[in-house]
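A short write-up of the structure that comes next.
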Amino acid sequence: MKITFKINYRTSWAEQVCLLGSIPELGSETETNAVPMTCTEDGNWELQIKTAAQQFKYYYLIKSGATVVRAESMNCHEVCLPKKKEVLLCDAWKDNEAERAFKSKAFAETIYNRKVQTHKEANYSKSIIFRVNAFRLPKNAGVMLLGNLPQLGNWDKKSAPRLSFGNDGYWSFELMADALSFPFEYKYAAYDLKTGEILFWESGDNRKVQWLEIPENALCVRTDSEFRQENLAKWKAAGVSVPVFSLRTKHDFGVGEFLDLKTMVDWAVRTGQKIIQILPINDTTITHTNLDSYPYNAISVFALHPMYANIPEIGKIKDMKLAASYEKEKAELNAKSFVDYAEVNRLKWKYFKYLYKINMAALQKDEDYQAFYQKNESWLLPYAVFCCLRDKYNTADFRQWKTLSNYNAAAVKRMARQGTAEYDDIAVHFFMQYHLHKQLMEVKHYAQKHNVVLKGDLPIGVSPSSVEAWMEKANFNTDMSAGAPPDDFSVIGQNWGFPTYNWAEMAKNNYTWWKQRFATMADYFDAYRIDHILGFFRIWEVPVDSVWGLLGHFNPALPLTVEEIEEYGVQFDSARFLKPYITDKLLTQLFGKESGKMARNFLQKRNGLYAFKADFDTQKKMAAYCDSTPELADWKEKLLSLYCEVLFVTDPKEPHRFHPRISVEKSYTFAELDNDTKMKIQKLYVDFYYYRHNEFWKKQAMKKLPALLDTTKMMVCGEDLGMIPQSVPEVMEKLQILSLEIERMPKDMNVEFTDLKKIPYLSVCTPATHDMSPLRLWWEEDAQKSQRYFTNVLHFPGDAPKKVDAFICEHIIRNHLWSSAMWTIFQLQDWISMSDTLRAENYAAERINEPSNPHHFWSYRIHFDIHKLVESTTFNTKLKELLTLSGRNEE
């Protein structure tokens, strides 16, 4: 098939319009292979190719020599062509920075609730398809095409063709081209879907077509610039962020449940909010203790956590004694101020198993259940068997199991057959996952019906004791642990305990595992947050024998050779640079009078320096010993810090290459260097972490993210906090991924607080995430910082109050609502902080997570029944007024 691309673009001198796309004929998405176009006349550029591909993506870019000076968003043009002898693609340059978001199901299916109409291919010998994006039309509007041709109604609305809304987010109409007379003019208009009356015309001059030569058996696709609406403010909205487990209603059993989200939807509708964001909801059951409360440590990236199921919705408890026990336990658990995680799950499973026994036989005959099982069998069957074996052997560490420690698909299938000894212990998980699916789908449909977006959370990691690590060991590096370098959350870095990904292995099947994961999320959500999106560029790897994150390194990376280090004028000394630099001076600084005792117990002296004894030669060994020795509790952190007194970290795969130790300038070993060496290592450090890897990490992200994002039509947001490489904003902008902007965590290191009026439009703005203190708690953490915020950001005179009242909280929220971000999303605790009647008395309990504590108990639960939110008329009226005044409540 011959395809001709046409675009009108006025270039500057020495500039060239090029095309880049997803097929070999268009460069296979490799920027250096972009195909140059030919300028015919008057700014018209053209390119012809021959290809068998009917479906592909592409975008235009402008080059000056080898440099890209401007580009559209990557792959923003997408075609699915019928079989024709020849196709003409007449495009307009796309400038909409948020097109991907507006084309997502969050907008098309939920906020605007457009009904997709299947385009029926016309049997014309030659034809033109007119296409236009009109993302901001009112919900009750359609698009018509009017012009000075009979085929376009001669400007008469009664005869003008109506366009169909397509799955690609565009409105289109196919016109027979045989009898067209040139030139002609046309314009788009929005009309009322019920009455047919024109609501408004697009602004600007008429669109004009001077001439188009369309051969026989050819198709011309004319994609216009977007529907022009004059004086249209940028679309903005607000929403709420809350973990499902934190919700509270009288129908719950000690923990928030999926169906509670329907009440949150009702509140969102009352107040004009458009999005509800939740934390991960996958099953995290590893130990059956409170350690499992960590929602980012899933045993399956597909299975939902059973605790979110509402018991009465599964079935009626017919046993009177058991029913009475249920009501009693429910009342006791709901009376608690927090989520008693382990007890909630222990008791809920008693009723889950009962309901399974009396309902499963009938359910197996249900067509809906059978369809669910068949669709999800690839993960559901291994997950259920994994859970059975975890409970049988009292460990989720499959390496310790006596049977199936190595995954065997055939053996797993045999074990799950009806009639085996383990069948009921396996099938109960089929039963639960089906009911969880049903209840969450009920919430999804309810939210979409009410034009409220559900936003999920995609964790970057999986547990080393997970179904995925069991089934697909080659996909994971189990000798390393994922984490994060030091940041505002933790000065010692973070060690999450997750294995890192073997991206090279995953690439062999084009990241199928990831694509399945995204597709499953799309069953329930219209939008999602990619947790630690930096992990798609590079991940912070920590040795498995480390506790802290300080001894980690980035992977992939370009570690330094000795020769490269010495190019900075630093004489490389492996003993001094690579081993902990522990001296009597350091021990005295850390332990005072106890320094001798610490040295005798844990260290041995060699050549004036100390080294760890074999029994304590790793952080994990030391931590385990300290945890079992109460008198060392106060010394544990200082003992662990000794391991980090190195200047460089050896690369585990290339032992003759090295990474500068992160935050090395804060270490004792660095302080003991002479000033000249300090300056040289500082320069090396800055070059390594802020310049050396920019293009390298950009290429890593671009290998993975484009294909993964295109798996679904969900709106994509990235959590881009921490140590951000320069290439991250560039890639996120290119792929139109919404960034995360936090006032108290500026990305500009030269300011203390982010200027909310200068953040990117394509972003989510929030005062705090679940990893941070809510507003009221943050205010008291650093009185001097709060004073500077009070004076320099809020512009209030005098001394800042010690406690932040509802008035100040409202001003902080107002500032965020008036930000330049597309979305402002507030934690529920922060929304209600501006209400004297709703805010919690014990606000210290409102913090959800402490990132520096890997064993933190995630147990926050709101202090009132959330139906009270819906019924709080005065508060809701104020909230809706704020959203309306700030332009975040477009009806």
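Points worth noting:
Let's see how each residue does on (1) under 30 Å from residue 18 (Cβ atoms); (2) part of a strand (DSSP E or B); (3) in contact with a helix residue (DSSP H, G or I) (Cβ under 9 Å, 6 or more places away or on another chain); (4) small (Gly, Ala, Ser):
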{"position": "83", "(1), (2), (3), (4)": "yes, no, no, no"}
{"position": "96", "(1), (2), (3), (4)": "yes, no, yes, no"}
{"position": "101", "(1), (2), (3), (4)": "yes, no, yes, yes"}
{"position": "129", "(1), (2), (3), (4)": "yes, yes, no, no"}
{"position": "142", "(1), (2), (3), (4)": "no, yes, no, yes"}
{"position": "146", "(1), (2), (3), (4)": "no, yes, yes, no"}
{"position": "152", "(1), (2), (3), (4)": "no, no, no, no"}
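- Residue that is farthest from residue 547 (Cα to Cα) [pool: residues in region 478-531 that are hydroxyl-bearing (Ser, Thr, Tyr) and surrounded by fewer than 17 Cβ atoms within 10 Å (Cβ to Cβ)]: 512
- Residue that is surrounded by the fewest Cβ atoms within 10 Å (Cβ to Cβ), among those in region 821-849 that are of a type in the set (Gly, Ala, Ser) and in contact with a strand residue (DSSP E or B) (Cβ under 8 Å, 6 or more places away or on another chain): 845
- If you go through region 158-178 and pick out every residue that is open to solvent by 60 Å² or more (accessible area, probe 1.4 Å) and out of contact with any helix residue (DSSP H, G or I) (no Cβ under 8 Å at 6 or more places or on another chain), you end up with 4.
- Scanning region 771-788 for residues that are surrounded by fewer than 21 Cβ atoms within 10 Å (Cβ to Cβ) and not hydroxyl-bearing (Ser, Thr, Tyr) returns 771, 777, 778, 780, 781, 782, 783, 784, 785, 787, 788.
- Restricting attention to region 334-352 and to residues that are within 16 Å of residue 858 (Cα to Cα) and hydrophobic (A, V, I, L, M, F, W, C), the residue that is nearest to the chain's Cα centre (by Cα) turns out to be 339.
This table checks each residue for (1) in contact with a strand residue (DSSP E or B) (Cβ under 7 Å, 6 or more places away or on another chain); (2) part of a loop (DSSP other than H, G, I, E, B); (3) closer than 30 Å to residue 273 by Cβ; (4) modelled with pLDDT under 95.
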{"site": "482", "(1), (2), (3), (4)": "yes, no, no, yes"}
{"site": "488", "(1), (2), (3), (4)": "no, yes, yes, yes"}
{"site": "517", "(1), (2), (3), (4)": "no, no, yes, no"}
{"site": "520", "(1), (2), (3), (4)": "no, no, yes, no"}
{"site": "525", "(1), (2), (3), (4)": "yes, yes, yes, no"}
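- Cβ pairs under 6 Å, 6+ apart, first in region 871-883 and over 13 Å from residue 266 (Cα atoms), second open to solvent by 20 Å² or more (accessible area, probe 1.4 Å) and at pLDDT 95 or above: none
- With respect to the conditions (1) closer than 21 Å to residue 729 by Cα; (2) open to solvent by 80 Å² or more (accessible area, probe 1.4 Å); (3) not hydrophobic (A, V, I, L, M, F, W, C), residue 48 falls short on a single one, namely (1).
- Hits in region 708-733 (condition: open to solvent by 40 Å² or more (accessible area, probe 1.4 Å) and either in contact (Cβ under 8 Å) with a residue 60 or more places away in the chain or in contact with a Cys (Cβ under 7 Å, 6 or more places away or on another chain) (or both)): 710, 711, 713, 724, 733
- Scanning region 261-290 for residues that are more than 20 Å from the chain's Cα centre (by Cα) and open to solvent by 10 Å² or more (accessible area, probe 1.4 Å) yields 262, 263, 266, 269, 270, 285, 286, 287, 288, 289, 290.
- Taken residue by residue, region 868-876 has no member that is within 24 Å of residue 106 (Cβ to Cβ), within 28 Å of the chain's Cα centre (by Cα) and part of a loop (DSSP other than H, G, I, E, B).
- Residue satisfying all of: in region 590-616; assigned to a strand (DSSP E or B) and open to solvent by 20 Å² or more (accessible area, probe 1.4 Å); nearest to residue 632 (Cα to Cα) among these: 612
- Taking each residue of region 567-589 that is assigned to a helix (DSSP H, G or I) and looking for partners that are open to solvent by 70 Å² or more (accessible area, probe 1.4 Å) and among the aliphatic types (A, V, I, L, M) with beta-carbon atoms closer than 8 Å, six or more apart or interchain, yields nothing.
- Close pairs from region 354-366: first over 14 Å from residue 313 (Cα atoms), partner assigned to a helix (DSSP H, G or I) and open to solvent by 60 Å² or more (accessible area, probe 1.4 Å), Cβ under 8 Å, at least 6 apart: 357/424; 364/370
- Test result for residue 722, modelled with pLDDT under 95 and on the phi > 0 side of the Ramachandran plot: yes
- Region 110-134: number of residues that are more than 26 Å from residue 447 (Cβ to Cβ) and either open to solvent by 10 Å² or more (accessible area, probe 1.4 Å) or out of contact with any Ser or Thr (no Cβ under 7 Å at 6 or more places or on another chain) (or both): 13
- Of all positions in region 300-316, at least one carries a residue that is surrounded by 21 or more Cβ atoms within 10 Å (Cβ to Cβ) and hydroxyl-bearing (Ser, Thr, Tyr).
- Residue, nearest to residue 465 (Cα to Cα), within region 374-425, restricted to residues that are of a type in the set (Lys, Arg) and exposed (fewer than 14 other Cβ atoms within 10 Å of the Cβ): 399
- Residues located in region 842-855, provided they are in a loop (DSSP other than H, G, I, E, B) and either touching a Ser or Thr at 6+ places or on another chain (Cβ under 8 Å) or at pLDDT 95 or above (or both): 842, 847, 848, 849, 851, 852
- Residue match in region 191-200 (condition: of a type in the set (Val, Ile, Thr), in a loop (DSSP other than H, G, I, E, B) and without any contact (Cβ under 8 Å) to a residue 40 or more places away in the chain): yes
- Taking (1) open to solvent by less than 20 Å² (accessible area, probe 1.4 Å); (2) out of contact with any Phe, Trp or Tyr (no Cβ under 7 Å at 6 or more places or on another chain); (3) in a loop (DSSP other than H, G, I, E, B) in turn, residue 547 satisfies each apart from (1).
- Residues located in region 374-402, provided they are in a helix (DSSP H, G or I) and among the basic types (Lys, Arg): 375, 390, 392, 399
- Leading residue by the ranking (farthest from residue 523 (Cα to Cα)) among those in region 362-373 that are open to solvent by 70 Å² or more (accessible area, probe 1.4 Å) and in a helix (DSSP H, G or I): 362
- Residue 444 open to solvent by 30 Å² or more (accessible area, probe 1.4 Å) and part of a helix (DSSP H, G or I): no
- Residues within region 79-109 that are within 21 Å of residue 527 (Cα to Cα), surrounded by fewer than 18 Cβ atoms within 10 Å (Cβ to Cβ) and among the charged types (D, E, K, R), tallied: 2
- A Cβ distance below 7 Å, combined with a sequence gap of six or more or placement on separate chains, defines the contacts here; from region 593-604, residues that are free of Cβ contacts under 8 Å to residues at least 24 places away in the same chain reach residues that are open to solvent by 70 Å² or more (accessible area, probe 1.4 Å) in the pairs 595/588.
The values are calculated or read from the model by the stated rules, or taken from the named source; none is laboratory data. Everything numeric in this text was worked out from a predicted model, so none of it was measured. Counting neighbours? That spans all protein chains shown, and the Cβs are built from the backbone with ideal geometry, glycine included. Heavy atoms of the whole protein, side chains included, go into the accessibility calculation; ligands, DNA and RNA do not. Shrake-Rupley method; radii C 1.70, N 1.55, O 1.52, S 1.80 Å.
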